[in-house]
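Just so it is clear, none of the values below were taken in a lab; they were calculated from the coordinates. Since this is a predicted model, take the numbers as computed values, not measurements. Virtual Cβ from ideal backbone geometry, glycine too; neighbours counted across all protein chains shown.
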Amino acid sequence: PLVVAAALLVLVGVVVGSLVVGSLRGIPRIALVLVLGAAGGVALHLPGSIAFLHNGVQWAPIGGSGRTGPGDITLLELLRFDTGPFTSTWLPFALLAPAVFALLLGRGWRLVWAVRGWFVTVAGWAVAWADQWGALDVALPAPEVPLAVAGFGLALASAMAVPAFEHDLGRHRFGWRQIGAGVALAGVLLGGVPLVVAAVDGGWNAPERGFANEYRELFAADDVPYRVLWLGDAELLPVASWDIDAHSSFGLTENGGPTGRDQVLAPLDNDTRRVLSAVQRATDGRSGRLGEALAPMGVRYVVLVEANAPAPFATRSSAESPATGQLRSGLAQQLDLVRIEGINRSVRLYRNDAFIAARATVPPGSDDTPNPADTEPVLTNTEHPNRFTGPFSPGADVHMATAADHRWRLTVDGQTSVRTEGFGWANRFTPTVQGDAELFYRTPATRRAALIGQLVAWAFVISVFWLRRVPRPKAAKRMARAGAKR
C-alpha cells in the first residue's frame, strides 16, 4: 500500500511540474509505468494488501501509527529530512545546491526533468508538513513515507545538474554559472558530511547497550501464558505500537520480552481496543483498577519505558516529558498494580495482581471478570504461534484472550467444543469431555490462495528480470557488429 501511495504522489508531482514547464511529453508512459509498478507492488505483497483493505486502511502495521492530529516535527526538520534518532545539522540544506543549479542552468529536456523533480520534492514536503500541522482529516503513514518521495524528487532534480553541466555550461562565458557549478559540487560534499560523521564508528548514534538482557530477566520464566503491556514514546518502545494520543503509545508482547514477531503490528481489533480504552481511563484519572480491566486480556506485567537503552547507556529519554509524566502518575494511582523495585531506572515495571492467564479455565456462563483464584492456566504447551495443547478436565469454560474469531477451534479427545464470545469480545469454549486438548487456528482458503498468487507474481518478476539480463542471439550479433564498426 505504501508503494501505491508513493507512486501516486510522484505522479502528481510529475504532472504538475510538466504543466508548469509546458511539456507533457512522456507523461502517458510515466503514468503507465507508475500504475503498473504500483499494481505489481500490491501483487507482490499479497496477502498483506488484501488485509490492508479488509481492515479499513490502517497504516499502523506497515508504515506508522496513522495519527490524524498535529505532529512534533517542524518544517525545518522536514526540509532537511531530520526525523530520525540521529540529529543532523544545517548541512543537509547544502544538498539543495545541485538541484537549484540544474534548475537555473538546464535547458531543454534537462530543465523539464529538473522542474519535474522539484515539484515531486515539493509534493512530498507539502504532504508531510500538512500531516504534521494537522491540516489533514485522514490518517497518513509515518512522515518518512512522503519524505522518501521528496528525497526521490530532489535526487532526480540534482541528477540533471550533470547533463546541464555537460551540455549547457559551455555555451556561456565565465561567470556566475561556472561559480554555481562549484557551489553545486560543494553542496554535495557538505551535505554528505553528517552521513560520514555518523558512519565513522558504525553506531549511528545508537546506544552502546540495549535492553535485550534486561528484558529477559524482568519477567517470570514459567509456562503460564501471559502478555506484557508496554507504554511510552513510540520511538523508545522495543515493540511496534499503537497510539494512545499524539505523544504516547502502547504495544503488547506474549510471554515476556519482545521478539522479531513483535516488530510487525497487527491492526487494532476488539481486544487491543479494550486495552487502549483501559489505559486511557487509567491515565486520565477515571479508573484506579487498570489491572482488573487488563485481566481478561491476559496482561501480567505493565512496563513504562522512559529511555531507548538502560542507564547509563541511553541516548534518548522521555522521562521529563509531560506525556511520560502523565503515564507515570496514572500507573502510580492504580490499586491493583504493584511496582517491582530494583529495576534499571530507564524503565518502570508493574505486576498485575488481578492477572488471569491468556488461556485459562473460567467459571462457566459468567461474563464478569473472575477472581484470579477461580481460574487456572490451561493449554500451556505452545506447538506453534497458533496451536496450543495440554490436558483438560471438564467443569469449566476455556477463555482465550484474543479477539473473537470463528476460525479458532478447540478439540478435546477429538471432539470439537462449542465456541462463544466471552466478556463480549474474547473466544470462549465449553468442552464437555476429558482428554488431550488442542486449540488451533484454521487458516482461511483465501489467504492460501493469496499466498499462491504472491508466489506466482514473484516468479513472473524474477523470470522477466532474468530474461532481460540474458541477451538474445540477434541482439548480441547487432551489438557485436556495432562494436566492430567503432
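General remarks:
- Near the amide H of ASN381, within less than 5 Å, lie the amide hydrogens of THR389, all on another chain or at least 5 residues away, with H placed in the peptide plane.
- Note on GLU341/ASP72: beta-carbon distance plugged into 1/(1 + (r/R0)^6) with R0 of 25 Å gives a FRET efficiency of 0.15.
- GLU421, GLU254 arranged by Cβ crowding within 10 Å, fewest neighbours leading: GLU421, GLU254
- Debye intensity ratio in log₁₀ form over the Cα atoms of the chain, taken at each q of 0.09 Å⁻¹: -0.80
- Burial ordering of ASP397, ASP284, fewest other beta-carbon atoms within 10 Å first: ASP284, ASP397
- Taken over region 359-441, the ratio of Cα radius of gyration to 2.2 N^0.38 Å equals 0.97.
- Expected-Rg normalisation [2.2 N^0.38 Å, Cα atoms] applied to region 209-268: 1.14
- Rule-of-thumb Rg ratio for region 273-423 [Cα; 2.2 N^0.38 Å; N residues]: 1.24
- Karplus-derived HN-Hα couplings along region 223-235 (A = 6.51, B = -1.76, C = 1.60, θ = phi - 60°), whole Hz, x at Gly and Pro: 9, 6, x, 8, 10, 10, 9, 10, 10, x, 5, 4, 6
- Evaluated at q = 0.14 Å⁻¹, the base-10 log of the normalised Debye intensity for region 266-343, with identical point scatterers placed on the Cα atoms, takes the values -0.53.
- For the peptides 268-280, 301-313, the ranking by mean Cβ contacts within 10 Å, running from highest to lowest, is 301-313, 268-280.
- Dipole magnitude of the chain, debye to nearest 20 (Cβ charges: Lys/Arg +1, Asp/Glu -1, about Cα centre): 3760
- The chain: angle of helix 473-485 to the longest principal axis, Cα-based, in degrees nearest 10: 30
- Between 0 and 90 degrees, the angle of helix 109-133 with respect to the longest Cα principal axis of the chain falls at about 30 degrees.
- Once the Cα atoms are used to define both axes, helix 176-191 deviates from the longest principal axis of the chain by about 20 degrees.
- Three principal axis extents of region 219-349 based on alpha-carbon atoms, in descending order, are 36, 33, 30 Å.
- Here the residues GLU341, GLU77, ranked from fewest to most Cβ neighbours within 10 Å of their Cβ, fall in the order GLU341, GLU77.
- Among 377-388, 91-102, the order from most to least packed when residues are scored by Cβ within 10 Å on average: 91-102, 377-388
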